[in-house]
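Colleague: Quick one: structure below, then a few questions.
The values are calculated or read from the model by the stated rules, or taken from the named source; none is laboratory data. Here the structure is a predicted model, which is why all the values come from computation and not from measurement. Note that each Cβ is placed from the backbone with ideal geometry, even for glycine, and that neighbours are counted across all protein chains shown.
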Amino acid sequence: MAQLSNLQQQRLMVEQLRREASLKRLPVSEVVEEIKQFILQHEPEDYLLIGFSSQKNNPFRERASCDIL
Amino acid sequence: MQIRLKQEALRNRAGGSSCGEGGRENHTELRPSRWFARNHWVAAHARGRSTKHGETNLNPHSNPEPLLTQHHRQESGGVEEARCSTARWEGGCGQPVSLKPVEANQKNVTQGRTCLKEERDSRKNVTQVITCLKEERDSRKNVTQGRTCLKEERDSRKNEDQKTKADTTLSEKCGDMGEVSKIRAGCKRMCKGHLNKVNSVHFSGDSRHLVSGSLDGKLIIWDIYTGNKTQIIPLMSAWVMSVAFSPSGNFVASGGMDNQCTVHDINNRDSTGAAKISRELMGYEGFLSSMRFLDDTNLITGSGDMKVIHWDVQTGKKVVEFFGHSGDVATMSLAPDMNCFVTGSVDRTIKVWDLRDTKTCKQTFWGHTSDVNSVYFHPSGFAIGSGSEDKTARMWDLRSDQQLAEYKPPTSNSGFTCCGLSKSGRYILCGSDDNTIHFWDTMKTTHQGTLQGHDNRITSLAVTDNGIGFATSSWDMGVRVWGL
């Protein structure tokens, strides 16, 4: 971008602020509710949270040595 | 007016109403001091107008009519004589002269007239220019003041709207959520091999391969299931600050203080046996601080020259440059749907950008009181987690455009260099300058503990796509993989 004069930069900044100020915002209660729902839905997939249901799925499990019969 | 007076004065001195004979003897001394007036008078005569003083009985020498007539007559073959047309008071003699000098004189007069005009114009212009400059300077001052006021007004409007939307807090809303247990993750793999500080790690899309970049000038690709190195890529420049793995696992990108981004093709080796350099992206005026692949063709980089650039790796050309940050871009994260991405910067802001509408930044989050070192998109795509030099981690919501929560450890000593969120988004993890990884419950904002293991500052943290674990890199030259 070419060097903009101070004036032009200020103008751009004000336009950007104008745009940001006129955003449509949702109430916090609504958005938090949705995030909560997402988390609750995806909890079973979150291994850091609930751990592995079966150690077979855990790539970090201790590998048992095989016995050759 | 002045000319008239001057001429009258001259006439008076000459002692007669007619400036003809009476002035003949004295006119040599009577030179008006102003060149301007003089030439105006001469020019006026040359134009054939009567002078302003209304004198009709003029010095016949300076009356151009005879001149013109004579000129024409000469052309037509008349035998009229030409007379010296220089003004009496200029030293003109009134004697018959050949036409040529007369013509020359007329030329001089015209030239004089043009010079005069130019001078008058230029004087006007100069005065005009000076006035313009003054006005411009004033208006610029006013405009800058106006702009600052406007800026403040917009900010306050934004803040007001945000406040009206903040009808509840996170903790209130999440009072009914179950408690999470204290973190049970531990260090599962210690990836040893780097010979210097490790600055960055990133997982491939398969959640199995990890690339790490170190100041020893090498990229190492690890298989975290076994902890083995699958590839070592020597770099042209040892000053690597950031690495990225493409989701497909075919390419790695690295960059740093060499002010360029190098893309290596994992699957193709060059003659020396190292991964082939697929592309070198140049033109940066600052160090490369962060980069992410959208896919094998598209790469977004953030750099110390405040630029965020979207590249087409196949052609090596810039697709789009995002403007907005006023400080080094330090970090970047892609949204799960790959339509947006977020950047954090030294200018303390977090900006959200949309790849479909690239002209301007979509949202800016203010709140951190120091450099934003790391950002991470919430898996839901609705929120962003961030870690900062100001010793706090925060959660921001995109749709209500404000901060939802602030996370601080019980003893807040050091800034956070990197952050990540678990697969559901319930945990936020931050690597810190105090060599530990801090965990919080994002919803209840409670500190869940720390993970020890590294001996020096943690520089980077990467979470697998499938959520089985995460990896950290540190100045202690080690890369650790954590899981359950």
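Colleague: Looking at (1) at pLDDT 95 or above; (2) away from chain A (no Cβ under 14 Å), find the lone condition where B:SER271 falls short.
Modeller: Going through (1) at pLDDT 95 or above; (2) away from chain A (no Cβ under 14 Å) one by one, B:SER271 breaks only (1).
Colleague: Just give me the residues in region B:239-289 being assigned to a loop (DSSP other than H, G, I, E, B) and either over 25 Å from the mean Cα position of the chain (by Cα) or β-branched (Val, Ile, Thr) (or both), in sequence order. Reasoning before the result, please.
Modeller: First, pick out the residues of region B:239-289 that are assigned to a loop (DSSP other than H, G, I, E, B): B:239, B:246-250, B:257-260, B:270-274, B:282-287.
If the condition is that a residue be assigned to a loop (DSSP other than H, G, I, E, B) and either over 25 Å from the mean Cα position of the chain (by Cα) or β-branched (Val, Ile, Thr) (or both), then B:TRP239, B:SER246, B:PRO247, B:SER248, B:GLY249, B:ASN250, B:ASP270, B:SER271, B:THR272, B:GLY273, B:ALA274 are the ones that fit.
Colleague: Mind counting the residues in region B:394-449 that are more than 14 Å from chain A (Cβ to nearest Cβ), of a type in the set (D, E, K, R) and touching a His at 6+ places or on another chain (Cβ under 8 Å)?
Modeller: Summing the residues that are more than 14 Å from chain A (Cβ to nearest Cβ), of a type in the set (D, E, K, R) and touching a His at 6+ places or on another chain (Cβ under 8 Å) in region B:394-449 gives 2.
Colleague: Moving on to the next point. Going by what's in this entry, would B:THR369 be described as under 22 Å from the mean Cα position of the chain (by Cα) and either surrounded by fewer than 24 Cβ atoms within 10 Å (Cβ to Cβ) or within 14 Å of chain A (Cβ to nearest Cβ) (or both)? It would help to see each step written out before you state the result.
Modeller: On the way: under 22 Å from the mean Cα position of the chain (by Cα): no; either surrounded by fewer than 24 Cβ atoms within 10 Å (Cβ to Cβ) or within 14 Å of chain A (Cβ to nearest Cβ) (or both): yes.
Here the answer is no, as B:THR369 does not meet what is asked.
Colleague: Sticking with this structure for a sec: If you scan region B:461-473, which residues turn out to be small (Gly, Ala, Ser) and either within 25 Å of A:HIS42 (Cβ to Cβ) or surrounded by fewer than 24 Cβ atoms within 10 Å (Cβ to Cβ) (or both)? Let's see the steps before the verdict.
Modeller: Let us first name the residues in region B:461-473 that are small (Gly, Ala, Ser), namely B:462, B:467, B:469, B:471, B:473.
B:ALA462, B:GLY467, B:GLY469, B:ALA471, listed by residue number.
Colleague: Let me ask something else. Return yes or no: is B:LEU219 surrounded by fewer than 23 Cβ atoms within 10 Å (Cβ to Cβ), out of contact with any Asp or Glu (no Cβ under 9 Å at 6 or more places or on another chain) and within 27 Å of B:VAL342 (Cβ to Cβ)? Full working, then the answer.
Modeller: Details: surrounded by fewer than 23 Cβ atoms within 10 Å (Cβ to Cβ): no; out of contact with any Asp or Glu (no Cβ under 9 Å at 6 or more places or on another chain): yes; within 27 Å of B:VAL342 (Cβ to Cβ): yes.
Spelling it out, it is not the case that B:LEU219 is surrounded by fewer than 23 Cβ atoms within 10 Å (Cβ to Cβ), out of contact with any Asp or Glu (no Cβ under 9 Å at 6 or more places or on another chain) and within 27 Å of B:VAL342 (Cβ to Cβ).
Colleague: Looking only at region B:173-192, decide whether some residue is buried (at least 16 other Cβ atoms within 10 Å of the Cβ) and under 41 Å from the mean Cα position of the chain (by Cα). Spell out the reasoning first.
Modeller: To start, the set of residues in region B:173-192 that are buried (at least 16 other Cβ atoms within 10 Å of the Cβ) comprises B:173-174, B:180, B:183, B:185, B:187-189, B:191.
Adding the requirement that they be under 41 Å from the mean Cα position of the chain (by Cα) leaves none.
There is no residue in region B:173-192 that is buried (at least 16 other Cβ atoms within 10 Å of the Cβ) and under 41 Å from the mean Cα position of the chain (by Cα).
Colleague: Could you check how many residues of region B:325-375 are touching a residue at least 12 places away in the same chain (Cβ under 8 Å) and part of a strand (DSSP E or B)?
Modeller: Residues of region B:325-375 touching a residue at least 12 places away in the same chain (Cβ under 8 Å): B:325-356, B:358, B:360-375.
Next, only the ones that are part of a strand (DSSP E or B) stay: B:329-334, B:340-345, B:350-354, B:363-365, B:372-375.
Qualifying residue count for the region: 24.
Colleague: Next question, about the same structure. Considering only residues that are part of a strand (DSSP E or B) and either in contact (Cβ under 8 Å) with a residue 40 or more places away in the chain or of a type in the set (Val, Ile, Thr) (or both), which ones fall in region B:221-238? Write out each step before concluding.
Modeller: Step one: list which residues in region B:221-238 are part of a strand (DSSP E or B), which gives B:221-223, B:228-234.
Of everything in region B:221-238, those that are part of a strand (DSSP E or B) and either in contact (Cβ under 8 Å) with a residue 40 or more places away in the chain or of a type in the set (Val, Ile, Thr) (or both) turn out to be B:ILE221, B:TRP222, B:THR230, B:GLN231, B:ILE232, B:ILE233, B:PRO234.
Colleague: Here's something else I'd like to know. Of B:LYS391, B:LYS423, which residue is farther than 20 Å from A:ASP46 by Cβ, of a type in the set (Lys, Arg) and in contact with a strand residue (DSSP E or B) (Cβ under 9 Å, 6 or more places away or on another chain)?
Modeller: Numbers: B:LYS423 fails: farther than 20 Å from A:ASP46 by Cβ.
Only one candidate qualifies: B:LYS391.
Colleague: Let me ask something else. Just to check your reading of the model, which residue among B:VAL372, B:VAL308 is over 17 Å from B:GLN260 (Cβ atoms) and assigned by TED's automatic domain parsing to the domain that holds B:GLY213? Please lay out each step first, then the result.
Modeller: Values: B:VAL308 fails: over 17 Å from B:GLN260 (Cβ atoms).
Going through B:VAL372, B:VAL308 in turn, just one is over 17 Å from B:GLN260 (Cβ atoms) and assigned by TED's automatic domain parsing to the domain that holds B:GLY213: B:VAL372.
Colleague: When you scan region B:344-363, do you find a residue that is surrounded by fewer than 20 Cβ atoms within 10 Å (Cβ to Cβ), within 14 Å of chain A (Cβ to nearest Cβ) and under 24 Å from B:ASP465 (Cβ atoms), even just one?
Modeller: Yes, region B:344-363 has at least one match.
Colleague: Just to confirm my filter: which helices (runs of 4 or more DSSP H) fall fully inside chain A and include at least 2 residues that are more than 7 Å from every other protein chain (Cβ to nearest Cβ) and out of contact with any Lys or Arg (no Cβ under 8 Å at 6 or more places or on another chain)?
Modeller: Details: elements: A:6-21, A:28-42, A:47-50.
Qualifying helices (runs of 4 or more DSSP H): A:6-21, A:28-42.
Colleague: Restricting the first residue to region A:40-69 and requiring it to be over 18 Å from B:ARG184 (Cα atoms), which pairs with a second residue that is surrounded by 17 or more Cβ atoms within 10 Å (Cβ to Cβ) and of a type outside the set (Gly, Ala, Ser) meet a Cβ separation below 7 Å and a spacing of at least six or different chains?
Modeller: Close Cβ pairs (under 7 Å, with a partner that is surrounded by 17 or more Cβ atoms within 10 Å (Cβ to Cβ) and of a type outside the set (Gly, Ala, Ser)) amount to A:HIS42/B:PRO379; A:HIS42/B:LYS423.
Colleague: Do you know which residues across region B:156-169 are in a helix (DSSP H, G or I) and within 7 Å of chain A (Cβ to nearest Cβ)?
Modeller: The first filter runs over region B:156-169 and keeps only residues in a helix (DSSP H, G or I), leaving B:156-165.
Across region B:156-169, the qualifying residues are B:ARG157, B:LYS158, B:ASP161, B:GLN162, B:LYS165.
Colleague: Could I ask something else about it? Can you give me the ranges of the strands (runs of 3 or more DSSP E) entirely in region B:401-483 with at least 1 residues that are of a type in the set (Asp, Glu) and under 23 Å from B:VAL352 (Cβ atoms)? Even if it seems obvious, please write down each step before you answer.
Modeller: Numbers: elements: B:402-407, B:416-421, B:427-432, B:437-441, B:447-451, B:458-463, B:469-474, B:479-483.
Per the criteria, B:402-407.
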